[in-house]
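One structure below.
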């Protein structure tokens, strides 16, 4: 099995495990009266499954994203070589602008 597929499966399983702990804590502390709602409903197991699966998708995605971002490519740390060239910057030059003499028309009152 390729390393990337193994990495993905491992971290998705970790994410779903974290989601199971999270949902368990939601029920244990009875947040928003979830324990009562799930335990007294005849379809409570379905609500529990949907809650775990939805949180599992989120936690698995975050877990895999963190794993990918922590991967290190050793080739990027070394200098590439070559010589640094000096950047030539152009000197600012003044550009003449012709303006008609007279009053500025924006501030003239019109009666």
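The values are calculated or read from the model by the stated rules, or taken from the named source; none is laboratory data. Being a predicted model, the structure only gives us computed values, none of them experimental. Cβ sites come from the backbone with ideal geometry, for glycine too, and all protein chains shown count toward neighbours.
Descriptive notes on the structure:
- For residue 42, the conditions (1) touching a helix residue (DSSP H, G or I) at 6+ places or on another chain (Cβ under 9 Å); (2) assigned to a loop (DSSP other than H, G, I, E, B) are fulfilled apart from (1).
- Which listed residue is within 30 Å of residue 21 (Cβ to Cβ) and either in contact with a strand residue (DSSP E or B) (Cβ under 6 Å, 6 or more places away or on another chain) or modelled with pLDDT under 80 (or both), from 72, 110: 72
- Filter result for residue 47 (assigned to a helix (DSSP H, G or I), loosely packed, with under 15 Cβ neighbours inside 10 Å and in contact with a helix residue (DSSP H, G or I) (Cβ under 8 Å, 6 or more places away or on another chain)): yes
- Residue within the range 22-33 that is outside any loop (DSSP other than H, G, I, E, B), under 24 Å from the mean Cα position of the chain (by Cα) and at pLDDT 95 or above present: yes
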